[in-house]
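To start, the structure itself, in structure tokens.
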Amino acid sequence: MNKTASILLVFILFFSCNGTDRKNTAQQTDPASTIIVDGEKYISQLPAALTEISGLLIWDNLFWGFNDSGGDEKLLGFDREGVIQRTLKIKNSDNHDWESITQDDAFIYVGDFGNNRGNREDLCVYKIAKDLVGKGEESEVGAIRIDYNYASQDEFSFGLNSTPFDCEAMVEFNGNLYLFSKNWQTHTTQMYKLSTAEGNYQLAPIDSFNVNLLVTGADVNPGKNKLALIGYLDYKTYMWVFSDFEGDNFFGGKSTYFHLKNLDGAQTEGICFLNDETVLISCEDTKTVPQQVFRVDLKNVKNGTLSN
């Protein structure tokens, strides 16, 4: 090897070791230390109007949900007994496949980005101003539309449940939206960062994680020091909780893997934090588990085990 080639090899090795971005972090995660926990019934029966509840939010002293693909363009606010108290119609919107809901102090965001065939070119998030929402039982409000596509997608003819460009999970964090993909083939998730400003954006993943499941929901706790992802694989329900991260490097801190054993066979879709240490999980109606909301208390998890 001549001197020039040797120098070139040194530079290649240096940059390959030091130029790695976050997309390679946590790829070696092994979910061997699984914590088995049962979800406690919290709202044992949701109304028939929410048989396909696909997102869950707590706002204005109510729980809010909606139906996914083909449902009405409405958010339904229900109480602790599962009784619908308020209905909010999003006027200038289309429920192609609503899948996730999140919020900041001033706005609610609804993700219309369900894409299990990988063929959509109209992915978007609807942004709803809270101060425009009426306080009556029924109200209407317009929405700002945030459009996006995936920068690396040039193929739109995937078979059913085979695309890496599906998404059902979104959180708001420090002024931006973060989307977590549902990768049907590799069971990993890619994280995308999206502006909350009206516009049309091309998104590239900023990180990824080997979740070993299909991600269907996400939320960040009020203290902004925990991220929860809910999902399923082979008809079993799992949850990841990430903590001790810096900034939006969610996958760079501690990760805890849960098997929600009594929710196996359920179609878990929505997740939100009730407080800093408690998560709520919503399920669609299935033959084995009707539409309802479960609770998991994280403060009982100490040193990687669950204690009562």
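The values are calculated or read from the model by the stated rules, or taken from the named source; none is laboratory data. Everything quoted here is computed from the prediction, not taken from an experiment. Glycine gets a Cβ as well: all are built from the backbone with ideal geometry, and neighbour counts include every protein chain shown.
A few points about this structure:
- Among the residues of the range 89-123, those identified as crowded, with 21+ Cβ neighbours inside 10 Å, touching a residue at least 24 places away in the same chain (Cβ under 8 Å) and either part of a strand (DSSP E or B) or on the phi > 0 side of the Ramachandran plot (or both) are 90, 98, 99, 100, 101, 102, 108, 109, 110, 111.
- Applying the set (1) outside any loop (DSSP other than H, G, I, E, B); (2) polar (S, T, N, Q); (3) under 26 Å from residue 282 (Cα atoms) to residue 202 leaves exactly one unmet item: (3).
- Filter result for residue 77 (closer than 26 Å to residue 142 by Cα, at pLDDT 95 or above, in a loop (DSSP other than H, G, I, E, B) and not hydrophobic (A, V, I, L, M, F, W, C)): no
- Any hit, the range 201-214, residues being touching a Phe, Trp or Tyr at 6+ places or on another chain (Cβ under 7 Å), closer than 21 Å to residue 143 by Cβ and not aliphatic (A, V, I, L, M): yes
- Any hit, the range 19-37, residues being touching a Lys or Arg at 6+ places or on another chain (Cβ under 8 Å), over 30 Å from residue 94 (Cβ atoms) and at pLDDT 90 or above: yes
Listed here are the residues, each with its yes/no results for (1) touching a helix residue (DSSP H, G or I) at 6+ places or on another chain (Cβ under 7 Å); (2) charged (D, E, K, R); (3) closer than 25 Å to residue 173 by Cα.
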| site | (1), (2), (3) |
| --- | --- |
| 62 | no, no, yes |
| 69 | no, no, no |
| 72 | no, yes, no |
| 109 | no, no, yes |
| 118 | no, no, no |
| 123 | no, no, yes |
| 136 | no, no, no |
| 140 | no, yes, no |
| 148 | no, no, yes |
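- Qualifying positions in the range 260-277 - surrounded by 17 or more Cβ atoms within 10 Å (Cβ to Cβ) and assigned to a strand (DSSP E or B): 260, 267, 268, 269, 270, 271, 272, 273, 274
- The number of residues in the range 170-188 that are in a strand (DSSP E or B), more than 10 Å from the chain's Cα centre (by Cα) and within 17 Å of residue 269 (Cβ to Cβ) comes to 0.
- Cβ pairs under 6 Å, 6+ apart, first in the range 150-166 and free of Cβ contacts under 8 Å to residues at least 40 places away in the same chain, second in a loop (DSSP other than H, G, I, E, B) and surrounded by 18 or more Cβ atoms within 10 Å (Cβ to Cβ): 153/165
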